[in-house]
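Undergrad: Structure incoming, see below.
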Amino acid sequence: MVTERVLLTGFMGSGKTTVGRKTAELLEVAYDDVDDRMEKNGIDLSVDPKTHMPLFRAIETHTVQTMLRENLGVISTGGGVICTEIGRKVLLAADARVVWLRAPFDAVEERIKQDDGRVRPFFNPSNIDAARALYEERLPWYDATADCVVDASLPLDQVVDQVIEIARIQI
């Protein structure tokens with residue numbers, strides 16, 4: 001039996017989108033991405049998180065709730081959904097496996113530097129210390145909301161295989 005929903009959490013660059021798409025494809029279930037959904041609804045991820053943070057986090061949390069009501073298979077959350085108490089409560093209350101894709105900061109830093117296609121409003125290559133501090137600040141929240149942890153620094157196929165194993169465990 002496959003769990004109805006798997007929520008992927010983790011810091012930017014941990015592979016939520018890549019792992020989510022591949023996992024959903026192999027499980028033959030639906031896939032959606034919170035950041036993509038927000039952009040389709042007019043949220044500018046390059047500007048809004050920095051200029052309207054409380055509103056941005058509220059919309060992000062509402063987007064996760066909406067997606068859960070739609071009964072999707074694999075959902076990649078925004079990396080900061082765990083930053084608010086309400087965001088954490090939504091994850092904890094979800095009828096889904098919450099999988100933290102945990103990778104060391106050095107690994108996510110390298111991925112982000114190589115990925116020119118994604119907007120990373122909280123990652124400035126000229127201020128790595130600020131990004132590292134944000135990463136460290138979020139670690140306890142990822143841990144507190146996760147049902148399972150997967151080492152996202154492993155090769156993609158191994159990460160996907162582990163997420164698939166988690167999805168197949170009955171709730």
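Undergrad: Can we say Leu92 is at pLDDT 95 or above and either within 17 Å of the chain's Cα centre (by Cα) or closer than 20 Å to Asp147 by Cβ (or both)? Before the answer, list the steps.
TA: Working: at pLDDT 95 or above: yes; either within 17 Å of the chain's Cα centre (by Cα) or closer than 20 Å to Asp147 by Cβ (or both): yes.
Judged against the criteria, Leu92 is a match.
Undergrad: Any idea how many residues of the stretch 144-157 are without any contact (Cβ under 8 Å) to a residue 60 or more places away in the chain, touching a strand residue (DSSP E or B) at 6+ places or on another chain (Cβ under 8 Å) and part of a helix (DSSP H, G or I)?
TA: Total satisfying the criteria: 0.
Undergrad: Kindly indicate which of Asp116, Asp44, Asp157 is loosely packed, with under 12 Cβ neighbours inside 10 Å, among the charged types (D, E, K, R), at pLDDT below 95 and over 16 Å from the mean Cα position of the chain (by Cα). Steps first, answer last, please.
TA: Numbers: Asp44 fails: loosely packed, with under 12 Cβ neighbours inside 10 Å; Asp157 fails: at pLDDT below 95.
On inspection, the qualifying residue turns out to be Asp116.
Undergrad: Also: If you go through the stretch 80-89 one residue at a time, how many are surrounded by fewer than 21 Cβ atoms within 10 Å (Cβ to Cβ), part of a helix (DSSP H, G or I) and in contact with a Ser or Thr (Cβ under 8 Å, 6 or more places away or on another chain)?
TA: 2
Undergrad: I'd like the full set of residues that are touching a residue at least 24 places away in the same chain (Cβ under 8 Å) and more than 27 Å from Arg5 (Cβ to Cβ), limited to the stretch 94-109.
TA: The first filter runs over the stretch 94-109 and keeps only residues touching a residue at least 24 places away in the same chain (Cβ under 8 Å), leaving 94-105, 107-109.
Across the stretch 94-109, the qualifying residues are Pro104, Phe105, Glu109.
Undergrad: State all residues of the stretch 95-113 that are touching a helix residue (DSSP H, G or I) at 6+ places or on another chain (Cβ under 8 Å), surrounded by fewer than 18 Cβ atoms within 10 Å (Cβ to Cβ) and in a loop (DSSP other than H, G, I, E, B); if no residue qualifies, say none.
TA: The answer is Asp95, and nothing else.
Undergrad: What's the number of the only condition in (1) in contact with a Lys or Arg (Cβ under 8 Å, 6 or more places away or on another chain); (2) of a type in the set (Asp, Glu); (3) surrounded by 19 or more Cβ atoms within 10 Å (Cβ to Cβ) that Asp35 fails to meet?
TA: Of everything listed in (1) in contact with a Lys or Arg (Cβ under 8 Å, 6 or more places away or on another chain); (2) of a type in the set (Asp, Glu); (3) surrounded by 19 or more Cβ atoms within 10 Å (Cβ to Cβ), Asp35 misses just condition (1).
The values are calculated or read from the model by the stated rules, or taken from the named source; none is laboratory data. Just so it is clear, the structure is predicted and the values come from calculations on it, not from any experiment. Neighbour counts are summed over all protein chains in view; Cβ atoms, including those assigned to glycine, are modelled from backbone coordinates with ideal geometry.
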